Amino acid sequence: SVFLHWLTSAYILFAVPYFVYDIYAMFLCYWHKLHVKGHEVDDRPKSKSVALTRYLRREFLMVLHHVVMVTVCFPVSVFWRQGKGDYFQGVMFLAELSTPSVCLGKILIQYKQQHTLLHKVNGALMLVTFFICRVLLFPYLYYVYGRYASIPFYLVPLVVPWQCNLGAALLMAPQVYWFSLICRGALRLFTGSSSHSHGPTTPPAKPCLDSHTPLPQQANGYSSRMATLDMPTTMTH
């Protein structure tokens, strides 16, 4: 018999409005930040249409992620799979286990707590959970299917429908990219900390270890060169 769980479809129905709202919220954050004292830029757009174009260029990958989740993952999860694959969809939801450490990292950045032990511990936790729950997740799904179908792991991509391989590749690609950013941030965080361990213990005046020139900030409000395990907040999804 086949055991279905109501949450596998209900969670998607809950997540879709969030993704739509998050795109709008990120744009509002970007728009209002352009008008906050101390964050103005010389070529600040006067109209929202121009600002929207710049926002989409700056946050292209994140917006694309949200759009794909709404236009592709939603119909596939709710309609196309026809009640099959609850286990695999449930495993996909485990990706959200990395979200708390990602969000806490952003909060610590905003409160300028990059030098604290909590930030280092949270950064290490984010590195591990993101790798396990978002990068290793896809090879694990192929491994489990191979055991279920009694076929070798390396033959699974040749057996499953091409749509599954394409979907897994498209979902995994941004996770690998974001994980590379996390690794670079971790390298800056921990090597920077060790290089300053023999110097003064007071925290640096600027949150950026590899540059003294502040860069334009992203819509989520954080510089891409902050010495943190930094990543877009919804890489979280």
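The values are calculated or read from the model by the stated rules, or taken from the named source; none is laboratory data. Model, not experiment: these values are computed from the prediction. Note that each Cβ is placed from the backbone with ideal geometry, even for glycine, and that neighbours are counted across all protein chains shown.
Taking the listed residues Val160, Val91, Val144, the one that is closer than 21 Å to His65 by Cα, surrounded by 14 or more Cβ atoms within 10 Å (Cβ to Cβ) and not assigned by TED's automatic domain parsing to the domain that holds Val68 is Val91, with no other qualifying. The helices (runs of 4 or more DSSP H) falling completely within the range 77-132 that include 2 or more residues that are of a type in the set (A, V, I, L, M, F, W, C) and modelled with pLDDT of 90 or more map to 99-110, 117-130. For the criterion of being of a type in the set (A, V, I, L, M) and crowded, with 20+ Cβ neighbours inside 10 Å, Ile132 fails. Could we say that Leu158 is in contact with a Cys (Cβ under 7 Å, 6 or more places away or on another chain), outside any loop (DSSP other than H, G, I, E, B) and farther than 28 Å from Gly192 by Cα here? Answer is no for this residue.
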